[in-house]
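Every number in this text was worked out from the coordinates using simple rules, so none of it is lab data. Remember, predicted model here, so these are calculated numbers, not experimental data. For neighbour counting, all protein chains shown are included, and Cβ atoms are generated from backbone atoms with ideal geometry for every residue, glycine included.
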Amino acid sequence: MRVVAGVDLGGNAVNYTLMNREGQFLIEGLCEHPSLAKQGPEICLRQIEDGLKIAAEKSDVLFSEIVAVGLDTPGPASAAGLLSAKGSTNFVHLKWAGFDIREGLAQRLGKPVSYLNDGNAGALWGHFTIFGATGKETSISVVIGTGLGGGVILDGNVVKGRKGFGGELGHVLIPYQSIVGISGLTPLCNCGRTGDLESLCSLTAIEKSFLPFSCRDIPDTILEN
């Protein structure tokens, strides 16, 4: 059997899917494993490998039968999987800055790995689900979660951009100073920008910016992760 694996790496969890050469999914529902991304690349890559072996066992597939892996992560990252030198949304450990996660995982697994950021991967899935694999329509997707992912599909192809920022709607700067009710707020994004969409519209924005801002005049407020 020849199988390809899909690996969705987030800040807290890794999700897996397996597909055979006939296009049949071998896992129903979610197959999830803790990512431990906040502990750095070495531990996280080991977690990905361990979880992939669990997914293979769950599907009655030998690990050796997985011939290729498709990986997605939060941005910002290059089109080839080099994470931003200023860090990434969910990967706050210092060693993630400038880390080549596609190459790192390929070496860890000993298998070829292809890469998309999670916004583009989600947009591609949604596009093909609605229009089919041969559709030439154009679609734009926005996904709000820990960060804010986005993707643009043009004529059935992912718009990656020269530096991998195509469709990265979360890291587009907006005139936040004109938004009513947040005067005095400085919304910082983990990518290093101030006032991009993700710094104002995501779960990270609530924790990092809005909660401290909203509670600044409330005495004895304790904010915990």
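Results, tabulated for the structure shown:
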| quantity | calculated |
| --- | --- |
| Helix-derived mean residue ellipticity, 222 nm - over the chain, DSSP H n ≥ 4, -39500 (n - 2.57), to 500 | -6000 deg cm²/dmol |
| Dimensions (Å) - segment 1-147, Cα atoms, principal axes, largest first | 41, 38, 23 |
| Segment 116-156 shape via C-alpha gyration tensor axes, a/c threshold 1.5 | prolate |
| Amide H contacts of Leu148 (H built 1.01 Å from N, under 5 Å, at least 5 apart or other chain) | none |
| Selection from Ser35, Phe91, Val4 lying farthest towards where the dipole of segment 1-102 points positive, charges on Cβ | Phe91 |
| Sites matching GluC sites (Glu not before Pro) across segment 1-91 that sit in DSSP coil, with at most 11 neighbouring C-beta atoms within 10 Å | Glu22, Glu28 |
| Sparse-neighbour loop sites [GluC sites (Glu not before Pro); segment 126-225; at most 16 other C-beta within 10 Å; DSSP] | Glu137, Glu224 |
| Selected from Gly147, Gly164, Gly156 as most flexible by GNM, with the chain as the system and alpha-carbon contacts under 10 Å | Gly156 |
| Among beta bridges that DSSP assigns inside the chain, antiparallel share in %, nearest 5 | 70 |
| Proportion of all alpha-carbon pairs of segment 1-83 beyond 21 Å (%) | 28 |
| Stretchable slack from Ser183 to Ile206, in nm (0.36 nm times residue separation minus alpha-carbon distance) | 6.7 nm |
| Point-charge dipole on Cβ atoms (K/R +1, D/E -1) for segment 71-135, about Cα centre, debye to 20 | 160 |
| Angle between the chain longest axis and helix 41-58 axis [Cα atoms, degrees, rounded to 10] | 50 |
| Gyration tensor verdict on segment 90-137 (Cα atoms; rounded if a/c is under 1.5, prolate if a/b is larger than b/c, oblate otherwise) | oblate |
| Too-long pairs where the Cα-Cα distance tops 21 Å, listed order kept, from Lys160/Lys208; Lys38/Lys208; Lys163/Lys208; Lys38/Lys163; Lys111/Lys136; Lys38/Lys95 | Lys160/Lys208; Lys163/Lys208; Lys38/Lys163; Lys111/Lys136 |
| Rounded, prolate or oblate (a/c below 1.5 giving rounded, otherwise prolate when a/b exceeds b/c) for segment 90-198 by Cα gyration tensor | oblate |
| Computed magnitude of the charge dipole of segment 66-225 (debye, nearest 20; Cβ of K, R +1, Cβ of D, E -1) | 520 |
